[in-house]
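This report concerns only the one structure given below.
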Amino acid sequence: MEFEERLRDRDAWSIGDGCSAGRVLDLLSTKTVFLVVRECFYGTTRFDDFVARIGASAPAVSRALKQLKAAGIVAPVVYREPGSRARDEYRLTEAGEDLLPVFLSLVQWGDTYLQEGRPPLSFVEADTGRPIRVRVTAEPAPETACDDIEIRLNLAWQRD
């Protein structure tokens, strides 16, 4: 990347707290917060399931959900099982769904640079089986929605 002429003197300007990347990192500030977002993409909606799947403490998951709710990333949806009190499920909002490229970019980078051998999961177009890849492009490209992605277990993956 290269700065336009008026920005080339790096000492003459600063974006400080206005940095969008910094704001996203403030929002997704802990591993637990990010893993809650991951689990939402994977279809997890209930508090106890977040705790079990993430392996974090209930208070940490509660804090993460409150933070994501306050930021408009997840929204509670009331459900009630017969004979039980009403509880909340958590679903991604439109803003949460828009984190898909961020999530997939991190997974893609980790698959390339941090995995030994094949990664545990693959993300493919549900209809075609073609791999989903995140790319930086200046050309308009059709977007793939969450509902059009299938997550597959890589059979050659072995858990340590």
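Order the peptides 5-18, 49-62 from the highest to the lowest mean number of other Cβ atoms within 10 Å of their residues. Display every interim value, and only then the final one.
Numbers: 5-18: 8.4, 49-62: 15.9.
Ranking, from highest mean packing down: 49-62, 5-18.
Can you pull the semi-axes for segment 57-138, root of five times each eigenvalue of the Cα gyration tensor, sorted largest first, whole Å?
31, 16, 16
Could you state the number of Å between the C-alpha centres of segment 45-69 and segment 92-127?
Using only Cα atoms, the two centres lie 20 Å from each other.
Per DSSP H run of n ≥ 4, the term is -39500 (n - 2.57); total these for the chain, divide by its residue number, and report the mean residue ellipticity at 222 nm rounded to 500 deg cm²/dmol.
Numbers: 6 runs with 58 residues, N = 160.
So the helix-based figure for the chain works out to -10500 deg cm²/dmol.
What's the FRET efficiency of residue 11 with residue 80 using the Cβ-Cβ distance as r and R₀ = 45 Å, to the nearest 0.05?
Numbers: r = 60 Å, r/R0 = 1.32.
Working from the Cβ atoms, E equals 0.15.
Compute the distance in nm between two label points, each set 7 Å from the Cα along the Cα-to-Cβ direction, one at residue 51 and one at residue 121.
It is 2.2 nm.
Could you calculate the contour length gain from residue 128 to residue 141, that is, 0.36 nm times the residue separation minus the distance between their Cα atoms, to one decimal place in nm? Provide the component values of the computation, followed by the final result.
Numbers: separation 13, 0.36 × 13 = 4.68 nm, distance 1.71 nm.
Gain on stretching residue 128 to residue 141: 3.0 nm.
Using a probe of 1.4 angstrom, how much of the accessible area of the chain is carbon and sulfur, in percent?
Values: 5970 of 11800 Å².
Within the chain, the accessible surface is 51 percent carbon and sulfur.
Scan (1) 187; (2) 103; (3) 112 for the value of volume of the Cα convex hull per residue in Å³ calculated from this model and give just the label.
Looking at volume of the Cα convex hull per residue in Å³ for this model, the match is (1).
Full-extension gain between residue 42 and residue 97, please, as 0.36 nm times their residue separation minus the C-alpha to C-alpha distance. Write out the running numbers ahead of the final one.
Details: separation 55, 0.36 × 55 = 19.80 nm, distance 1.17 nm.
Full extension from residue 42 to residue 97 adds 18.6 nm.
The values are calculated or read from the model by the stated rules, or taken from the named source; none is laboratory data. Since this is a predicted model, take the numbers as computed values, not measurements. Counting neighbours? That spans all protein chains shown, and the Cβs are built from the backbone with ideal geometry, glycine included. Surface accessibility is based on the protein's heavy atoms, side chains included, excluding ligands, DNA and RNA. Shrake-Rupley method; radii C 1.70, N 1.55, O 1.52, S 1.80 Å.
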